[in-house]
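Undergrad: Would you mind keeping the following structure in view while I ask a few things?
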Amino acid sequence: MKFFLIMLAVMFLMRYLMPYIIRFLLKTFVQKQMRKAQEYAAFQGQPHAQQAYKQQYSQQSRSQSSADGGKVKVAYVPDEKRTPKDFPGGEYVEYEEVK
């Protein structure tokens with residue numbers, strides 16, 4: 001009987017405490033990774049990489065929205081559909097279907 005009470009208490013604690021523990025561990029892990037990424041950016045010579053990216057993105061979006069006026073701008077136009085002239089065709093390999 002004592003065993004079942006202890007198991008019930010452990011299960012109860014795990015059921016209600018584990019979400020908080022997991023959130024705490026996940027939060028500390030994400031913060032640690034963010035610090036590492038910021039240190040890496042600083043090491044690469046970009047100490048304010050996130051701020052620079054946000055400023056650049058906001059400037060681009062403002063300039064595009066005011067200059068385009070609803071027009072669509074295509075930055076890449078693919079070449080004509082390429083025929084397989086470069087590819088000689090390869091070799092034929094016979095196979096036998098196994099059932």
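Undergrad: Test I6 against the stated conditions and say whether it is of a type in the set (V, I, T), at pLDDT 80 or above and open to solvent by less than 90 Å² (accessible area, probe 1.4 Å).
TA: Details: of a type in the set (V, I, T): yes; at pLDDT 80 or above: yes; open to solvent by less than 90 Å² (accessible area, probe 1.4 Å): no.
So I6 fails the test.
Undergrad: Of the residues A52, A67, A42, which is in a helix (DSSP H, G or I), surrounded by fewer than 10 Cβ atoms within 10 Å (Cβ to Cβ) and at pLDDT below 75?
TA: On the way: A52 fails: surrounded by fewer than 10 Cβ atoms within 10 Å (Cβ to Cβ); A42 fails: surrounded by fewer than 10 Cβ atoms within 10 Å (Cβ to Cβ).
Matching residue, one of A52, A67, A42: A67.
Undergrad: From the set of residues in segment 19-39 that are aliphatic (A, V, I, L, M) and within 19 Å of the chain's Cα centre (by Cα), which is least open to solvent (accessible area, probe 1.4 Å)? Step through it out loud before you land on a result.
TA: Going through segment 19-39, the residues aliphatic (A, V, I, L, M) turn out to be 21-22, 25-26, 30, 34, 37.
Then keep just the ones that are within 19 Å of the chain's Cα centre (by Cα); that gives 26, 30, 34, 37.
Working: L26: 103, V30: 73, M34: 90, A37: 57 Å².
Within segment 19-39, the match that is least open to solvent (accessible area, probe 1.4 Å) is A37.
The values are calculated or read from the model by the stated rules, or taken from the named source; none is laboratory data. Keep in mind the model is a prediction, meaning the values are calculated, not measured. As a convention, Cβ positions derive from the backbone with ideal geometry for all residues, glycine included, and neighbour counts pool all protein chains shown. In case anyone asks, the SASA skips ligands and DNA or RNA and just uses the protein heavy atoms, side chains included. Shrake-Rupley method; radii C 1.70, N 1.55, O 1.52, S 1.80 Å.
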